[in-house]
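Trainee: Once you've had a glance at the structure underneath, I'll fire off some questions.
The values are calculated or read from the model by the stated rules, or taken from the named source; none is laboratory data. In this text the structure is predicted, and so the values were computed from the model without any measurement. All Cβ positions, glycine included, derive from the backbone under ideal geometry; neighbour counts span all protein chains shown. These accessible areas exclude ligands, DNA and RNA; they are computed on the full protein's heavy atoms, side chains included. Shrake-Rupley method; radii C 1.70, N 1.55, O 1.52, S 1.80 Å.
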Amino acid sequence: SRFETCWPALMKDSHGVIIIFNPELPSHLKEIEMWYSCFVQQQPLLDSQCLLVAHHKPGSAGDTENLSLAYPLSKLKLIHSNLEEDPEDVRMEFIKYFRSIITIINENREREEMSIIS
């Protein structure tokens, strides 16, 4: 992609990655593997620092709810967003995700402080 030269700047010091995709587009299912590889595995971030969001457009076919992704994407937290039907569910999932990221940041900071002290 033409933005690849910007990726290192985007990735620098990042604590989490949210990948939003359209589950009805086969090309997106291939692309998210590339995004995961570049932005999560190569950093490296923990899988728990990555959130996959399958976004369903209004009136789209609902049968993609049973989406089964291939490994290694299958180990990631996957949420389905349909802002017409359940915006509150999506909001709660985002809050849970952000809380988990904050926990990881705090644990890393404590570990660094302990290593400086000892």
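Trainee: Would you mind stating whether Ser81 is under 18 Å from Gly16 (Cα atoms), of a type outside the set (Phe, Trp, Tyr) and under 15 Å from the mean Cα position of the chain (by Cα)?
Mentor: Considered against the rule, which asks whether it is under 18 Å from Gly16 (Cα atoms), of a type outside the set (Phe, Trp, Tyr) and under 15 Å from the mean Cα position of the chain (by Cα), Ser81 comes out as no.
Trainee: Where the second residue is among the hydroxyl-bearing types (Ser, Thr, Tyr) and surrounded by fewer than 13 Cβ atoms within 10 Å (Cβ to Cβ) and the first is under 15 Å from Ile101 (Cβ atoms) and lies in region 2-17, which pairs have Cβ atoms under 6 Å and are six or more apart or on separate chains?
Mentor: As it stands, the answer is none, since no pair meets every condition given.
Trainee: Something else: Being over 30 Å from Glu24 (Cβ atoms), of a type in the set (Ser, Thr, Tyr) and either modelled with pLDDT of 90 or more or touching a Lys or Arg at 6+ places or on another chain (Cβ under 8 Å) (or both): is that true of Ser74 here? Can you show your working first?
Mentor: Working: over 30 Å from Glu24 (Cβ atoms): no; of a type in the set (Ser, Thr, Tyr): yes; either modelled with pLDDT of 90 or more or touching a Lys or Arg at 6+ places or on another chain (Cβ under 8 Å) (or both): yes.
Here the answer is no, as Ser74 does not meet what is asked.
Trainee: Could you tell me whether region 23-35 includes any residue that is in contact (Cβ under 8 Å) with a residue 12 or more places away in the chain and hydroxyl-bearing (Ser, Thr, Tyr)? First the steps, then the outcome.
Mentor: The initial filter retains those residues of region 23-35 that are in contact (Cβ under 8 Å) with a residue 12 or more places away in the chain, namely 23-24, 29, 32-33, 35.
Checking which are hydroxyl-bearing (Ser, Thr, Tyr) leaves us with none.
Among the residues of region 23-35, not one is in contact (Cβ under 8 Å) with a residue 12 or more places away in the chain and hydroxyl-bearing (Ser, Thr, Tyr), which makes the answer no.
Trainee: If I go through region 70-84 residue by residue, how many of them are surrounded by 13 or more Cβ atoms within 10 Å (Cβ to Cβ) and among the charged types (D, E, K, R)?
Mentor: Qualifying residue count for the region: 1.
Trainee: Another one. Any residue that is open to solvent by 30 Å² or more (accessible area, probe 1.4 Å), of a type in the set (A, V, I, L, M, F, W, C) and closer than 24 Å to Ile102 by Cα - is there at least one of those in region 18-30? First the steps, then the outcome.
Mentor: Just the residues of region 18-30 that are open to solvent by 30 Å² or more (accessible area, probe 1.4 Å), to begin with: 18, 20, 24-30.
Narrowing the set further to residues that are of a type in the set (A, V, I, L, M, F, W, C) leaves 18, 20, 25, 29.
With the extra rule that they be closer than 24 Å to Ile102 by Cα, the set shrinks to 18, 20.
Yes: region 18-30 contains one or more residues that are open to solvent by 30 Å² or more (accessible area, probe 1.4 Å), of a type in the set (A, V, I, L, M, F, W, C) and closer than 24 Å to Ile102 by Cα.
Trainee: So, one more: Within region 36-51, restricting attention to residues that are closer than 23 Å to Ile95 by Cβ and open to solvent by 50 Å² or more (accessible area, probe 1.4 Å), which residue is farthest from the chain's Cα centre (by Cα)?
Mentor: Leu46
Trainee: Out of region 70-91, which residues are without any contact (Cβ under 8 Å) to a residue 40 or more places away in the chain and part of a helix (DSSP H, G or I)?
Mentor: Ser74, Lys75, Pro87, Glu88, Asp89, Val90, Arg91
Trainee: Now, a different point. Step by step: first the residues of region 59-69, then only those that are open to solvent by less than 90 Å² (accessible area, probe 1.4 Å), within 19 Å of Glu33 (Cα to Cα) and part of a loop (DSSP other than H, G, I, E, B), then the one that is modelled with the highest pLDDT. Which residue is that?
Mentor: Step by step, filter region 59-69, then rank; the result is Leu69.
Trainee: Here's something else I'd like to know. Give just the number: which of (1) modelled with pLDDT of 90 or more; (2) on the phi > 0 side of the Ramachandran plot does Asp13 not satisfy?
Mentor: (1)
Trainee: Next question. State which residue pairs qualify: first residue surrounded by 10 or more Cβ atoms within 10 Å (Cβ to Cβ) and inside region 92-118, second residue of a type in the set (D, E, K, R) in any location, beta carbons under 8 Å apart, and separation of 6 or more residues or different chains.
Mentor: These pairs meet every condition: Tyr97/Lys77.
Trainee: So, in region 1-58, of the ones that are part of a helix (DSSP H, G or I) and among the hydroxyl-bearing types (Ser, Thr, Tyr), which residue ends up nearest to Leu76 (Cα to Cα)? Walk me through it before giving the result.
Mentor: So the first thing to find is which residues in region 1-58 are part of a helix (DSSP H, G or I), and the list is 4-11, 26-41, 47-49.
Filter once more, so that each one left must be among the hydroxyl-bearing types (Ser, Thr, Tyr): 5, 27, 36-37, 48.
On the way: Thr5: 26, Ser27: 19, Tyr36: 10, Ser37: 13, Ser48: 7 Å.
Ranking the candidates gives Ser48 first.
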